[in-house]
1. Suppose the filter is closer than 18 Å to MET6 by Cβ, modelled with pLDDT under 95 and in contact with a Cys (Cβ under 9 Å, 6 or more places away or on another chain); does GLY59 pass it?
2. When the residues of region 5-29 are narrowed to those that are surrounded by fewer than 16 Cβ atoms within 10 Å (Cβ to Cβ) and outside any helix (DSSP H, G or I), which ends up farthest from the chain's Cα centre (by Cα)?
3. Take the residues in region 95-127 that are of a type in the set (Gly, Ala, Ser) and at pLDDT 95 or above, then tell me which one is surrounded by the most Cβ atoms within 10 Å (Cβ to Cβ).
4. Quick check on my filter: what residues within region 45-63 are in contact with a Ser or Thr (Cβ under 8 Å, 6 or more places away or on another chain), assigned to a helix (DSSP H, G or I) and under 14 Å from ARG86 (Cα atoms)?
5. Kindly evaluate ASP102 against the criterion of being out of contact with any His (no Cβ under 8 Å at 6 or more places or on another chain), in a helix (DSSP H, G or I) and either of a type in the set (D, E, K, R) or over 26 Å from ARG133 (Cβ atoms) (or both).
6. Among the numbered criteria (1) at pLDDT 95 or above; (2) assigned to a helix (DSSP H, G or I), which one does VAL92 miss?
7. Which of the residues spanning region 30-59 are free of Cβ contacts under 8 Å to residues at least 12 places away in the same chain and either more than 17 Å from LEU148 (Cα to Cα) or surrounded by 16 or more Cβ atoms within 10 Å (Cβ to Cβ) (or both)?
8. When region 118-164 is examined, which residues are found to be outside any helix (DSSP H, G or I) and closer than 25 Å to GLU91 by Cβ?
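The values are calculated or read from the model by the stated rules, or taken from the named source; none is laboratory data. Quick caveat: nothing in here was measured; it's all calculated off a predicted structure. Here the Cβ positions follow ideal geometry from the backbone for every residue, glycine too, while neighbour counts run over all protein chains shown.
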Amino acid sequence: MHEKSMPPHIIRHSKTVRLAAVCVAALLKKAGFRIDRRLVDRAALLHDICKAESLLKGGDHALMGRRLMEKLGYPRIGEIVGQHIRLESLEVNEAMVVNYADKRIMHDRVVSLQKRFIDLMDRYGKNEQSMQRILKHYEDASEVEQILVWSSGFEPERLNHLNLITGDHALNGGEGLL
């Protein structure tokens, strides 16, 4: 993160995504899914590793992050980082967990999907095309949330409890945080 000059606000966002993702992963694991929580932890923390670079130079930061992780010898992390904006499938796996957690974090706070996407519309919905793209991402995120609910009994509003945790909490595999 330091080598890629990640700004402090993106680091705070990434740490909160990590916290939410590890909690969702723990709930899925408890429900019987084969989820690698350590992989989720690392990929969530690094999901925006190339965000600052993409803002300066242009480009898809998810794809840039994927390529960087692969170049550094972490292809599984790269695969997940590459899907944190758009999933390749609707399979319940580590990529889905990180993708969903990122959609629930506005800056460094857990919010509902609706609140997150209203913010995205306000900031990036500059024309009809961008508004339609954001709406499509909202529909996709809502579908992912429903899959997680149906698959594991996950209650989306429980993630809001994470706002009570200050700093970079010792995650302990996500157990007991919710």
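1. For GLY59, the condition - closer than 18 Å to MET6 by Cβ, modelled with pLDDT under 95 and in contact with a Cys (Cβ under 9 Å, 6 or more places away or on another chain) - is met.
2. SER5
3. Per the stated criteria, the residue is ALA101.
4. Result: HIS61, single match.
5. Here the answer is no, as ASP102 does not meet what is asked.
6. Against the list (1) at pLDDT 95 or above; (2) assigned to a helix (DSSP H, G or I), VAL92 comes up short only on (2).
7. Those that are free of Cβ contacts under 8 Å to residues at least 12 places away in the same chain and either more than 17 Å from LEU148 (Cα to Cα) or surrounded by 16 or more Cβ atoms within 10 Å (Cβ to Cβ) (or both): ARG38, SER54, LEU55, LEU56, LYS57, GLY58, GLY59.
8. Residues satisfying the conditions are GLY153, PHE154, GLU155.
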